[in-house]
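> Sharing a structure below in structure tokens format, with a few things to ask.
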Amino acid sequence: MTDTVDLLIGGSIYGGWTDFRVTRSMDRAAGDFDLSVSERWPGRTDAWRILPFAEVEIRLGSDPVLTGYVDVVEPETDARSHRVRIRGRSRTCDLVDCTPELRGTEFRGSTLVAIARALSQPFGIEVVTEAPDGAPFGVEAKDKTDTAWRTIERLGRLRGVICHDDERGRLVLARAGERRAAGSLELGRNLLAASARIDVSKRFSRYVSMTQRQTGAAVARDGDGDAGDNEEAEQPNAGVQVSVTGIATDPDVPRYRPRIFRAEGAGDTAFAQQRAVWAAATARAKSLQVDATVQGWRKADGALWRLNELVKIKADWLRLDHDLLVIGTEFSLGQDGRRTRLTLTPKEAMLPEPLKPARSGRGGGAGASWSDVVAGSGRL
């Protein structure tokens, strides 16, 4: 397959780019691009006239890789040469930047998908759901100054859903690691270079999750509409609040490093325990990140590399022989030709939903440690 980088604007195709980069990540709502060219396009004298706010589609060969808008245009010229640099982001950038003007600030009895669509509709952004819809929210308030993305991302975490954009500028609601990439990554074959980063600064020996549970007495003393509602004891949420905790440990942290945190929302002891186990598991997994550079832009089946796919990576010197999740992609063109840089991590790092607590109450078995990921039983 012959891959060229084409920028489409209003039916016109701009090609001949000498430097190109498109980056997308699972923890960002909007991918971004950076294109530049020296001299003028063959046969064209108006290439630099691409303007900010222009709607663009970037294609690699016949496949779209980003659909969005131009944010920055930088034309340059001197006596001997011309250069144009164009930067922009996915259509979903408006969710990140803007605060939609809604009539109300509450979503009552709505699902995550319904809320995401209500917030995205004013910007003409389609919402694609790859995850179960989940239970409706009771009453969720939106601050009038919150951006659309801030609200969607917060509610997504409460439903265990990851939000990111796709190549067509749509907002995707998904679970982590439910697809597998074709082929594998192996040093000396298709893997050009790889590096690992093991950062344990945010891992702790003990996680204590704190939350509050309203007692039956407190519920009974809630305002019931009689004359006594003006009394303090008859106000909503009056009465006794019981503090409950959940505890999980990371057995691979060799010294005393406790962390106490408040869980989002109120719940019972089981909920607090789930939050503690989840915190331990995701911290363990996030401590490992791998950057892998491959030749070209496509996988073994000819499709472009995509976010949220599991792929087997094997690099003996890094002691890697494991399935990891693609959480970032960067397609580039430069002096070294076509390259794709993949950012990978254990799947558990991108699971925002609480995990089921282990019977022992320990968080160690719930997440992936370095020793789980690398080949062999040794430690680094």
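> Counting only residues that are more than 22 Å from Ser25 (Cα to Cα) and in contact (Cβ under 8 Å) with a residue 40 or more places away in the chain, which one in the stretch 123-145 is surrounded by the most Cβ atoms within 10 Å (Cβ to Cβ)?
The selected residue is Lys142.
> Let me ask something else. Considering only the stretch 329-346, I want to know if a residue exists there that is touching a Phe, Trp or Tyr at 6+ places or on another chain (Cβ under 6 Å) and of a type in the set (Lys, Arg).
yes
> Another question, then. Mind listing whichever residues of the stretch 248-259 are touching a strand residue (DSSP E or B) at 6+ places or on another chain (Cβ under 6 Å) and loosely packed, with under 13 Cβ neighbours inside 10 Å? Working first, answer last.
Let us first name the residues in the stretch 248-259 that are touching a strand residue (DSSP E or B) at 6+ places or on another chain (Cβ under 6 Å), namely 248-249, 258-259.
The one that is touching a strand residue (DSSP E or B) at 6+ places or on another chain (Cβ under 6 Å) and loosely packed, with under 13 Cβ neighbours inside 10 Å: Pro258.
> Out of the stretch 157-204, which residues are in contact with a Ser or Thr (Cβ under 6 Å, 6 or more places away or on another chain) and either of a type in the set (Gly, Ala, Ser) or within 30 Å of Ala114 (Cβ to Cβ) (or both)?
Hits for the stretch 157-204 are Asp165, Arg168, Gly169, Leu171, Leu173, Ala193.
> For Ser120, all conditions in the list (1) surrounded by 14 or more Cβ atoms within 10 Å (Cβ to Cβ); (2) touching a helix residue (DSSP H, G or I) at 6+ places or on another chain (Cβ under 9 Å); (3) free of Cβ contacts under 8 Å to residues at least 24 places away in the same chain hold save one; what is the number of the exception?
For Ser120, the failing item is (3).
> On the given criteria, is Ala135 touching a Lys or Arg at 6+ places or on another chain (Cβ under 7 Å), in a loop (DSSP other than H, G, I, E, B) and closer than 26 Å to Trp278 by Cβ? I'd like the intermediate steps shown before the answer.
Numbers: touching a Lys or Arg at 6+ places or on another chain (Cβ under 7 Å): no; in a loop (DSSP other than H, G, I, E, B): yes; closer than 26 Å to Trp278 by Cβ: yes.
Taking the combined requirement at face value, the residue does not satisfy it.
> Also: Just one of Arg80, Arg44, Arg103, Arg40 is farther than 30 Å from Val290 by Cα, modelled with pLDDT under 90, assigned by TED's automatic domain parsing to the domain that holds Arg157 and assigned to a loop (DSSP other than H, G, I, E, B); which is it? Full working, then the answer.
Numbers: Arg80 fails: assigned by TED's automatic domain parsing to the domain that holds Arg157; Arg44 fails: assigned by TED's automatic domain parsing to the domain that holds Arg157; Arg40 fails: assigned by TED's automatic domain parsing to the domain that holds Arg157.
Just one listed residue meets the conditions, Arg103.
> Listed residues Arg89, Arg108; which is among the basic types (Lys, Arg) and farther than 18 Å from Thr67 by Cα?
On the way: Arg89 fails: farther than 18 Å from Thr67 by Cα.
Result: Arg108 is the single residue among Arg89, Arg108 that is among the basic types (Lys, Arg) and farther than 18 Å from Thr67 by Cα.
The values are calculated or read from the model by the stated rules, or taken from the named source; none is laboratory data. This one's a predicted model, so the numbers in the text were calculated from it and none came from an experiment. We place every Cβ from the backbone using ideal geometry, glycine too, and count neighbours over all the protein chains shown.
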